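Presented below is the structure to which this report refers.
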Amino acid sequence: MSRTPLIAGNWKMFKTGPEAVAEATRLVELASGVANTDIMIAPTLLSLPLVSGAVAGSNVKLGVQNLFYENEGAYTGEVSAGMAKAAGAEYAIIGHSERRQYFGETDDAVCKKVKASIDGGIIPILCIGETEAQRDEEKTFSVLDKQITNGLNSFCSRDLDPLVLAYEPVWAIGTGKTATPEQVAEIHEYIRSLINRLFGNELAMSIRILYGGSVKPDNVSELMSLGDVDGALVGGASLDADAFIQIIRYDR
Ligand code: 13P
């Protein structure tokens with residue numbers, strides 16, 4: 001089965017509205033000829049409606065970096081899947097390690113957010129990954145087991161059709177320390193086999209598993225050549241359209 005690669009940029013808490021519009025406009029120009037690769041950027045929520053205008057009609061799609069699982073209500077500071085969608089988001093990054101680390105996001109909340117995304121017509125990108133200490137203690141597989149099993153616990157495989165997974169080892173995020181191709185291949189194969197065990201072969205074969213953690217123009221081709229790597233979730237290098245387009249065009 002062929003899985004369309006997804007190259008996604010997580011802009012985290014960078015760029016004002018005008019800066020985001022300028023970068024997105026440049027990316028739209030650079031990416032206009034790209035076919036057979038899905039492209040997404042996730043600016044801050046404040047920039048989202050502005051960037052939505054800049055990418056309208058192009059092959060650059062938008063995502064949010066988080067959303068809340070209720071549709072509306074007294075939840076200060078939050079936005080729902082419906083609100084994100086109305087502002088132009090087609091994807092939502094869910095359970096990023098920075099949200100788990102700094103905002104106390106639990107697997108239970110992550111699970112509800114994945115469900116809210118799918119129910120709201122937004123493609124969830126569920127992030128999983130171990131810390132350096134967990135890897136050193138040889139807990140990588142058990143951590144991933146727990147994050148996937150608990151993060152998807154109320155689903156059947158039919159519900160999960162739109163789901164994307166992103167393996168982001170925490171020790172490789174923003175550190176310049178990319179996981180080796182051997183490490184990435186081993187983990188991605190493991191994740192796909194776990195999805196097979198939990199939800200069946202059809203979903204395991206169709207689900208896209210992205211790698212994230214210091215993906216750069218000079219390491220993306222090798223990572224994307226691995227059989228179970230279906231795309232990249234890019235932080236720092238996605239902030240500059242000239243670098244990001246090199247990642248998007250990894251096979252050229
Ligand atoms: P870097 O590419 O900056 O390491 O960030 C990865 C990431 O966290 C994407 O979500």
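A short reminder: the numbers here are calculations on the coordinates, not readings from a lab. Computed from a predicted model, the values in this text were never measured in an experiment. When we count neighbours, we look across all protein chains shown, and the Cβ atoms used for this are built from the backbone with ideal geometry, even at glycine.
Annotations
- Pairs where the first residue, in the range 114-142, is in contact (Cβ under 8 Å) with a residue 60 or more places away in the chain and more than 18 Å from T178 (Cβ to Cβ) and the second is of a type in the set (V, I, T) and part of a strand (DSSP E or B), C-beta under 6 Å, 6+ apart: I125/I93; I125/V164
- Scanning the range 28-51 for residues that are out of contact with any strand residue (DSSP E or B) (no Cβ under 6 Å at 6 or more places or on another chain) and either of a type in the set (F, W, Y) or in a helix (DSSP H, G or I) (or both), we see that the one that is nearest to L223 (Cα to Cα) is L30.
- Of everything in the range 99-113 that is away from the ligand (no atom under 16 Å from the Cβ) and not charged (D, E, K, R), the residue that is nearest to L165 (Cα to Cα) is C111.
- For beta carbons closer than 6 Å, sequence separation of 6+ or different chains, a first residue in the range 78-106 that is in contact (Cβ under 8 Å) with a residue 60 or more places away in the chain and a second that is surrounded by fewer than 16 Cβ atoms within 10 Å (Cβ to Cβ) and of a type in the set (S, T, Y), there are no qualifying pairs.
- Selection count, the range 78-98, where residues are within 13 Å of V64 (Cα to Cα) and either within 16 Å of the ligand (Cβ to nearest atom) or of a type in the set (D, E) (or both): 9
- Of the helices (runs of 4 or more DSSP H) entirely within the range 139-252, those holding at least 3 residues that are within 16 Å of the ligand (Cβ to nearest atom) occupy 181-199, 220-224, 241-248.
- Y190 vs. criteria aromatic (F, W, Y), surrounded by fewer than 19 Cβ atoms within 10 Å (Cβ to Cβ), over 18 Å from Y91 (Cβ atoms) and more than 15 Å from the chain's Cα centre (by Cα): yes
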